[in-house]
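The values are calculated or read from the model by the stated rules, or taken from the named source; none is laboratory data. Quick caveat, the model's predicted, so the values are computed rather than measured. Cβ placement follows ideal geometry from the backbone for every residue including glycine, while neighbour counts extend to all protein chains displayed. Side chains included, ligands, DNA and RNA excluded: accessible areas come from the protein's heavy atoms. Shrake-Rupley method; radii C 1.70, N 1.55, O 1.52, S 1.80 Å.
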Amino acid sequence: MQRDSWPLLALSYADECRLSPVQVQKALFLVGENIVDEDTLFYHFEPYHYGPFDSGVYADLDALVESGLVRKVEASAFRGFEYELTPAGVQRADQIRKALGKRERTYLAEVVPWVRRLTFRQLVTAIYNAFPKMAENSVFKY
């Protein structure tokens, strides 16, 4: 599976197929920590201002926007934007999902709604509590 398939999958498991930039980062971090094996082409998260971060996630999302599979939409719950699957993105994510094992599908179905449900503060705090190393370069006080 290609690396840029993971953001499509994460978005496909979210309510309304939408996630904020922080939610995408944290969901993919948790996927990498908990279900992706070492041989899989994936992201390499480093401790940053608000926890685990890989600029490759945003580069891949920008490429997915350019390709018409994802779009940026105004967020309804906060100031800023969210990523959302387009109809073509939903179709592509469904194709990718068919190749996933049950373990991966089950994990994504649990972790993505969990990430979506938490506030920014709750999400970053939960990540820091579970992965204290990711708080090393934080500007966020939890």
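Which of the residues that make up segment 10-49 are over 21 Å from residue 120 (Cα atoms), touching an Asp or Glu at 6+ places or on another chain (Cβ under 8 Å) and among the aliphatic types (A, V, I, L, M)?
Of everything in segment 10-49, just one residue is over 21 Å from residue 120 (Cα atoms), touching an Asp or Glu at 6+ places or on another chain (Cβ under 8 Å) and among the aliphatic types (A, V, I, L, M), namely 35.
Starting from segment 114-128, keep only residues that are in contact (Cβ under 8 Å) with a residue 60 or more places away in the chain and within 10 Å of residue 26 (Cα to Cα), then list their pairs with residues that are open to solvent by less than 30 Å² (accessible area, probe 1.4 Å) and among the charged types (D, E, K, R) whose Cβ atoms are within a distance under 6 Å, requiring at least 6 positions of separation or different chains.
Cβ pairs passing all conditions: 115/26; 123/26; 127/26.
Given (1) at pLDDT 95 or above; (2) surrounded by fewer than 14 Cβ atoms within 10 Å (Cβ to Cβ); (3) touching a Leu at 6+ places or on another chain (Cβ under 9 Å), where does residue 2 come up short, assuming only one miss?
(1)
Select from segment 29-53 the residues that are open to solvent by 70 Å² or more (accessible area, probe 1.4 Å), touching a residue at least 40 places away in the same chain (Cβ under 8 Å) and in a loop (DSSP other than H, G, I, E, B) and write down the one among them that is farthest from residue 89 (Cα to Cα).
Going through the qualifying residues, I end up with 49.
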